[in-house]
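Engineer: Input: one structure, supplied below.
The values are calculated or read from the model by the stated rules, or taken from the named source; none is laboratory data. This one's a predicted model, so the numbers in the text were calculated from it and none came from an experiment. Heads up, the Cβs are rebuilt from the backbone with ideal geometry, glycines too, and the neighbour counts pull from every protein chain shown. To get the accessible areas, we keep the full protein, side chains included, count just its heavy atoms, and leave off ligands, DNA and RNA. Shrake-Rupley method; radii C 1.70, N 1.55, O 1.52, S 1.80 Å.
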Amino acid sequence: MITVKGHTVQEEFIRQSGLTDINSYPQWARNILQATQEKKRQVVHHDVFAMMKEGRLPSRAMRNFLIAGWPVIEQFPQYMAVNLCKIRYGRSRGEDLARKYLLHNIRVEQNHADHWVNWATACGVARAELLTVTAPIESLALSHSCWHTCERDSLATSMAATNLAIEGATGEWSTRVCASTVYENTFDQDVRHKAMRWLNIHARYDDTHPWEALDIICTLIGNVAIPSYQSLLELRVGQSYDYMTMSLDQCLAQPKK
């Protein structure tokens, strides 16, 4: 028996097969992914991304999306930094894996805010506007939720809410938008590369980052998770998807008169 963060597991998890093979992971983890699959689908297949991919997202909705997404884009490295502070080197194999993952991803994320600003600028949203306009409450709910889980929950739980759920859904929707050249061709050629940089990066690398996070989460918890802890993980992952959908919905909402 092993005690990790106040809960007990019966045996250590060591992945024996492919990183991106769902069957490589314990049943409790597969249950969580299955239980939250529909919430994730609502994010990935949201009308915002369907219209963006087809180059028909109204400019007002595009502006709303870029402003709404900014708080989480700007703060995401900070969420990971908070999680990094929970780790003590050498205390467990899971924490050592998490330490390497978080340190690497903080470096990866350092330029993403610049890429988002370039995307916004190409869409007619000035840098000053992006930095000063307060995002709507529906969008701030996601960033507040991220801060809450990273400050209050265990390392595994907060990584599930951020690196697994948010990065996972983002990697999938950005891949869908980049699946054709319709959207990128809406930009003039002289700004196209900078405008598409954020999308192209996430479409390329986020296919493995969430799986790496899942591997770490399972290593931290073990082959068996007590039901109450599994329920908490499912709740946090589902909340991240719910808040993402809420933010996307408001991007398409008609202005209040």
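Engineer: Can you send over the carbon and sulfur percentage of the accessible area for segment 1-159, probe radius 1.4 Å, protein chains only?
Structural biologist: Values: 4000 of 8180 Å².
Carbon with sulfur: 49 percent of the solvent-accessible area.
Engineer: Another one. Quick one: grab the alpha carbon gyration tensor of segment 106-251, order the square roots of its eigenvalues as a ≥ b ≥ c, and give me rounded if a/c is under 1.5, else prolate or oblate depending on whether a/b is larger than b/c.
Structural biologist: On the way: a/c = 2.38, a/b = 1.72, b/c = 1.39.
Since a/c reaches 1.5 and a/b is larger than b/c, the shape of segment 106-251 is classed as prolate.
Engineer: Additional query: Using 0.36 nm per residue, how much length does the chain from I22 to D190 gain when fully extended, once their Cα-Cα distance is taken away?
Structural biologist: On the way: separation 168, 0.36 × 168 = 60.48 nm, distance 4.16 nm.
Separation in residues times 0.36 nm, less the Cα-Cα distance, equals 56.3 nm.
Engineer: Whole-Hz ³J(HN,Hα) for each residue in segment 50-64, computed from phi via Karplus 6.51 cos²θ - 1.76 cosθ + 1.60 with θ = phi - 60°, x for glycine and proline: what do you get?
Structural biologist: 4, 6, 4, 4, 8, x, 10, 6, x, 4, 5, 5, 5, 4, 4
Engineer: Along its principal axes, what span do the Cα atoms of segment 166-216 show, with the longest given first and each in whole Å?
Structural biologist: On the principal axes, segment 166-216 reaches 42, 16, 13 Å in Cα extent.
Engineer: Here is a further query. Search the structure for amide H atoms under 5 Å from the amide H of V133, placed 1.01 Å from N in the peptide plane, and list their residues when 5 or more places away or on another chain.
Structural biologist: The answer is none.
Engineer: Limiting things to C-alpha atoms, what are the Rg and the maximum Cα-Cα separation (Dmax) for the chain, in angstroms?
Structural biologist: Gyration radius and largest Cα-Cα distance of the chain: 18.6, 61 Å.
Engineer: Taking θ = phi - 60°, what integer Hz values does the Karplus form 6.51 cos²θ - 1.76 cosθ + 1.60 yield along segment 35-40, in sequence order, with x for Gly and Pro?
Structural biologist: Computed from phi, the couplings for segment 35-40 are 5, 9, 4, 5, 4, 5 Hz.
Engineer: Springs between alpha-carbon pairs under 10 angstrom, Gaussian network model over the chain: which of G94, G171, G124 fluctuates most?
Structural biologist: Ranking G94, G171, G124 by mean-square fluctuation puts G124 first.
Engineer: Taking every pair of alpha-carbon atoms in segment 26-143, what share in percent sits in each 10 Å bin, from 0 to the bin with the longest distance?
Structural biologist: 11, 29, 35, 19, 6, 0
Engineer: Can I ask one more? Only Cα pairs within less than 10 Å get springs; with that Gaussian network setup on the chain, which residue of S228, S24, S92 has the largest fluctuation?
Structural biologist: Result for the chain, Cα springs under 10 Å: S228 fluctuates most.
Engineer: Can you give the extra length, in nm with one decimal, that the chain gains between A253 and H148 once fully stretched, where that is 0.36 nm per residue apart less the Cα-Cα distance?
Structural biologist: Values: separation 105, 0.36 × 105 = 37.80 nm, distance 2.70 nm.
Net length gain for the segment: 35.1 nm.
Engineer: Based on the alpha-carbon gyration tensor of segment 127-180 and its eigenvalue square roots a ≥ b ≥ c, which shape applies: rounded if a/c is under 1.5, prolate if not and a/b is larger than b/c, or oblate?
Structural biologist: Oblate.
Engineer: By how many nm would the segment from V133 to A81 lengthen if fully extended, with 0.36 nm per residue of separation less the alpha-carbon distance?
Structural biologist: Here the segment from V133 to A81 would lengthen by 16.2 nm.
Engineer: Quick one: pull the percent of accessible area on segment 209-257 belonging to carbon and sulfur, 1.4 Å probe, ligands and nucleic acids left out.
Structural biologist: On the way: 1250 of 2180 Å².
About 57 percent, which is the carbon plus sulfur part of the accessible surface.
Engineer: What's the FRET efficiency of Q34 with R60 using the Cβ-Cβ distance as r and R₀ = 25 Å, to the nearest 0.05? List each step's numbers first, then the result.
Structural biologist: On the way: r = 37 Å, r/R0 = 1.47.
That pair, Q34 with R60, gives E of 0.10.
Engineer: Cα-based count: Lys pairs in the chain below 28 Å, eight or more positions apart or different chains?
Structural biologist: Total qualifying Lys-Lys pairs in the chain comes to 12.
Engineer: Moving on. How would you classify segment 208-257 from its alpha-carbon gyration tensor, with a ≥ b ≥ c the square roots of the eigenvalues: rounded for a/c under 1.5, else prolate if a/b is greater than b/c, otherwise oblate? Display every interim value, and only then the final one.
Structural biologist: Values: a/c = 7.27, a/b = 2.36, b/c = 3.09.
Here segment 208-257 falls in the oblate category.
Engineer: Which value in deg cm²/dmol, rounded to the nearest 500, describes the helix-derived mean residue ellipticity at 222 nm for the chain, given -39,500 (n - 2.57) per DSSP H run of n ≥ 4 and division by the residue count? Could you put the intermediate results ahead of the total?
Structural biologist: Details: 13 runs with 172 residues, N = 257.
The helix-only estimate for the chain comes to -21500 deg cm²/dmol at 222 nm.
Engineer: Express the accessible area of the chain per residue in Å², computed with a 1.4 Å probe while the remaining protein chains stay in the model. Please list the in-between numbers first.
Structural biologist: Working: 12520 Å² over 257 residues.
On a per-residue basis, the chain sits at 49 Å².
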